[in-house]
Amino acid sequence: MQSLLTHIRRATAAARRGAHRSTGRRRRGAGFGLLLAVLLLPANAVGPAFDADTLRAIERRYGPAAARRVLDWRQLIDTARDRPLPARLQAVNDFFNQLLFVDDIIHWHKSDYWATPVEFLATDGGDCEDFAIAKYFTLLELGVPESRLQITYVKALRLNQAHMVLAYYANPAADPLVLDNLVPDVLPGSSRDDLVPVYSFNGQGLWISRARGRGKRVGGSERLSLWRDLMTRMETPASAPTRETVR
C-alpha cells in the first residue's frame, strides 16, 4: 500500500481546490485521493490533517451522507485493527454489505466498471465487484497479508450468473473463508455449494481456481484490464465516468 500513501498530499490539495466548483450535481472520482487520505491517516497522524476543512470538501463534492460513510469507514479501520482475525473479516463484511447493490449499467452507464473503494462509498452503491474490491483494500489496511486475500470470480448457481466475492486463505491449500455481499456470514468455501470458482486474483497474481486451495497461478493480475484501470485510478485522482446515478 506504500504507493497509495505517496499521493495523499497531492490528492488532498487537488480535491480541496476542486470542491468549491461542485454544483447541484455531485462529481465523482477526482475526490478519491482526498477520501483515501482520510482512510489512511492514523488518528495521531501529522501532515495532511483530517479536519473540518477536509470534511467540508467531502460534503461539497458528495453530500453530508457521503462524508458520514467515509467517517464510519475510518472508524472501522481504527477500531477493528486489533480484533482477532475472524472478527476483522466479519466486521468488514458487515460494514460494506450495508451499501446498495446497483448494476454498472445503471450506476455508471457502463457495461462493466470496477469502482475504487471511495467511489463505492461516496456513491452509496455498486455491484458485486465493488463490494469485493472494497473489502480487499480495507482488510489490507487492517493488516491482513495480501498473500492471503484473493478477489474471486465465481458462478453463482442460484442466480445463474457471474458473481465476485473475496476469499481469505489461511494457507495456499486451505479451505477459504468467503466474504460475499449476498450472504451476511463469513463462511468456509466448502459450505458454499452455490458458488463455482472460476479464477481469482490480487495484487500479486492471477490464478485459475480449483475446488480447494487457491488454484494454479497463470500470470500477473495486470493481465486484467479492469484491474489495471482500477489501480491507475487508485494511484492518480483521475475522473470517473461522468454519467452517474443520482440519488
**Request:** Kindly indicate whether any position in segment 140-157 is open to solvent by less than 10 Å² (accessible area, probe 1.4 Å) and aromatic (Phe, Trp, Tyr).
**Result:** no
Considering only strands (runs of 3 or more DSSP E) wholly within segment 170-247, the ones with at least 1 residues that are at pLDDT below 70 and surrounded by 12 or more Cβ atoms within 10 Å (Cβ to Cβ) are 205-208, 216-219
In segment 63-101, anything closer than 16 Å to VAL186 by Cα and either open to solvent by 80 Å² or more (accessible area, probe 1.4 Å) or among the β-branched types (Val, Ile, Thr) (or both) is listed as ARG83, PRO84, PRO86, VAL92, GLN98
Condition set without any contact (Cβ under 8 Å) to a residue 60 or more places away in the chain and among the hydrophobic types (A, V, I, L, M, F, W, C), scope segment 102-121, selection least open to solvent (accessible area, probe 1.4 Å): answer is PHE120
Given the conditions (1) open to solvent by 10 Å² or more (accessible area, probe 1.4 Å); (2) modelled with pLDDT of 95 or more; (3) within 20 Å of ALA65 (Cα to Cα); (4) not small (Gly, Ala, Ser), every one holds for ASP124 apart from (2)
Listed by first then second residue, the pairs whose first member lies in segment 191-207 and is more than 17 Å from TYR136 (Cα to Cα), whose partner is buried (at least 17 other Cβ atoms within 10 Å of the Cβ) and of a type in the set (S, T, N, Q), with beta carbons under 6 Å and at least 6 positions apart or on separate chains, are PRO197/THR152; PRO197/SER209; VAL198/SER209
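The values are calculated or read from the model by the stated rules, or taken from the named source; none is laboratory data. Since this is a predicted model, take the numbers as computed values, not measurements. All Cβ positions, even for glycine, are placed from backbone atoms using ideal geometry, and neighbour counts span all protein chains on display. Each accessible area value is taken on the protein alone, full model and side chains, heavy atoms only, with ligands, DNA and RNA left out. Shrake-Rupley method; radii C 1.70, N 1.55, O 1.52, S 1.80 Å.
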